[in-house]
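The values are calculated or read from the model by the stated rules, or taken from the named source; none is laboratory data. Nothing here was measured: the structure is a model prediction, and the numbers come from that model. Using ideal geometry, Cβ is built from the backbone for each residue, glycine included, and neighbour counts are taken over all protein chains shown.
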Amino acid sequence: MNNLDTAKSPSETLDNGRRELLKMTGAGIAMTIATTIPTPALAESELKLSDSWDKTFSKSDKVEHQKVTFKNRYGITLAADFYLPKARQGKLAAIAISGPFGAVKEQSSGLYAQKMAEYGFATLAFDPSYTGESGGEPRNVASPDINTEDFSAAVDFLGLQSQVDRQRIGIIGICGWGGMALNAAAVDQRIKAVVTSTMYDMSRVMSKGYNDSMTHEQRKEILGQLSQQRWLDAENGSPGYGPISLELKGGEPRFVQEYADYYKTSRGFHPRAINSNASWTITNPMSFMNQPLLTHIAEISPRPILLIHGEKAHSRYFSETAFAEAASPKELLIIEDANHVDLYDQLERIPFDKLNAFFGEYL
């Protein structure tokens with residue numbers, strides 16, 4: 001990427017560097033390329049929730065399902081699916097679930113939630129702030145702070161339900177929301193156990209590149225690009241977006257192709273998912289560049305951590321590093337022959353029996 005050319009207009013300069021910027025910061029998780037015209041802003045008091053069963057997975061006859069909303073401490077209204085086992089007695093242990101980064105509750109997190117409800121837990125799959133059916137504007141923005149808070153707000157909601165024992169609440173973070181889940185557990189001691197599945201540390205990949213390959217000069221140049229984009233956003237009165245994510249042109253890395261195989265096909269496509277049908281704002285990486293999510297991971301102890309990752313996942317190193325930095329009790333479970341997206345929806349690969357045993361023991 002060339003240095004910023006002050007003789008050119010900001011838009012010309014940004015166009016030249018934008019593709020490399022998105023690749024190096026990990027924007028849009030597949031980090032390809034991702035950004036689009038935002039969806040219309042949602043008024044906080046007027047969330048329009050779908051009444052239909054519009055999930056990417058079949059509805060279970062063993063659970064009850066209800067659409068719900070709740071606010072986080074920033075006043076943003078979150079939309080969620082609340083699942084309860086039909087066969088239940090007394091107050092239940094509960095689990096809040098979100099992820100992957102750029103997905104919606106109708107995809108992987110909902111599948112996890114419904115399955116864990118079949119095991120007897122009260123579960124909540126939620127859309128993070130600024131995405132899916134949740135409120136917040138502009139659309140398609142992520143924040144290490146606000147999205148960590150979203151998990152705590154989900155705990156608030158669960159703890160107020162008559163069916164739930166508020167002393168027995170855990171969380172699951174999938175993909176990019178794995179890092180958010182660990183950060184939430186470190187700061188919110190009401191969370192009694194935390195699981196991550198195919199975890200991404202979004203602050204690490206955005207600030208250091210894949211496998212920590214970003215140089216100091218590359219980081220400075222990316223920050224320069226992002227800073228110049230802010231002038232354009234300020235002048236336009238709205239954030240900049242680019243092409244729709246995961247529109248493959250050929251020659252992409254295998255893991256990007258695997259993302260597309262999930263998000264862009266009938267397997268996992270959902271019209272409200274950023275990775276299926278939209279993209280993040282161009283300046284989305286800014287706060288992640290300076291706010292590492294896992295700084296205090298050791299402070300989760302003595303509450304337990306279970307990190308699950310695919311043997312063949314390009315992202316496996318995130319869980320291995322988190323495991324090394326966490327304090328006991330902790331466990332790293334590597335799923336043989338699985339890639340990153342296998343743990344989104346492949347029922348034969350996702351270790352639900354292990355999840356049931358883990359939360360059964362610690363909640």
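A few points about this structure:
- In the stretch 319-363, of all residues being assigned to a loop (DSSP other than H, G, I, E, B) and within 19 Å of the chain's Cα centre (by Cα), the one that is surrounded by the most Cβ atoms within 10 Å (Cβ to Cβ) corresponds to Val341.
- Once the stretch 81-104 is narrowed to residues that are buried (at least 20 other Cβ atoms within 10 Å of the Cβ) and not in a strand (DSSP E or B), the residue that is farthest from the chain's Cα centre (by Cα) is Val104.
- When the stretch 142-180 is filtered for residues that are charged (D, E, K, R) and in a strand (DSSP E or B), the ones remaining, listed by number, are Asp165, Arg166, Arg168.
- Wholly enclosed helices (runs of 4 or more DSSP H) of the stretch 197-307 bearing at least 3 residues without any contact (Cβ under 8 Å) to a residue 24 or more places away in the chain and surrounded by fewer than 20 Cβ atoms within 10 Å (Cβ to Cβ): 216-236
- As for the stretch 181-190, it holds at least one residue that is modelled with pLDDT of 95 or more, surrounded by fewer than 16 Cβ atoms within 10 Å (Cβ to Cβ) and hydrophobic (A, V, I, L, M, F, W, C).
Matching residues to (1) at pLDDT 95 or above; (2) assigned to a strand (DSSP E or B); (3) more than 22 Å from Asn275 (Cβ to Cβ); (4) hydrophobic (A, V, I, L, M, F, W, C):
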residue: His65; (1), (2), (3), (4): yes, yes, yes, no
residue: Val68; (1), (2), (3), (4): yes, yes, yes, yes
residue: Ala79; (1), (2), (3), (4): yes, yes, no, yes
residue: Leu124; (1), (2), (3), (4): yes, yes, no, yes
residue: Asn140; (1), (2), (3), (4): yes, no, no, no
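- Where Leu226 falls short, out of the listed (1) closer than 21 Å to Ile146 by Cα; (2) under 16 Å from the mean Cα position of the chain (by Cα): (2)
- Every residue from the stretch 105-118 that is touching a strand residue (DSSP E or B) at 6+ places or on another chain (Cβ under 7 Å) and part of a loop (DSSP other than H, G, I, E, B): Lys105
- Positions within the stretch 45-79 being among the aromatic types (Phe, Trp, Tyr), touching a helix residue (DSSP H, G or I) at 6+ places or on another chain (Cβ under 8 Å) and exposed (fewer than 14 other Cβ atoms within 10 Å of the Cβ), in sequence order: Tyr74
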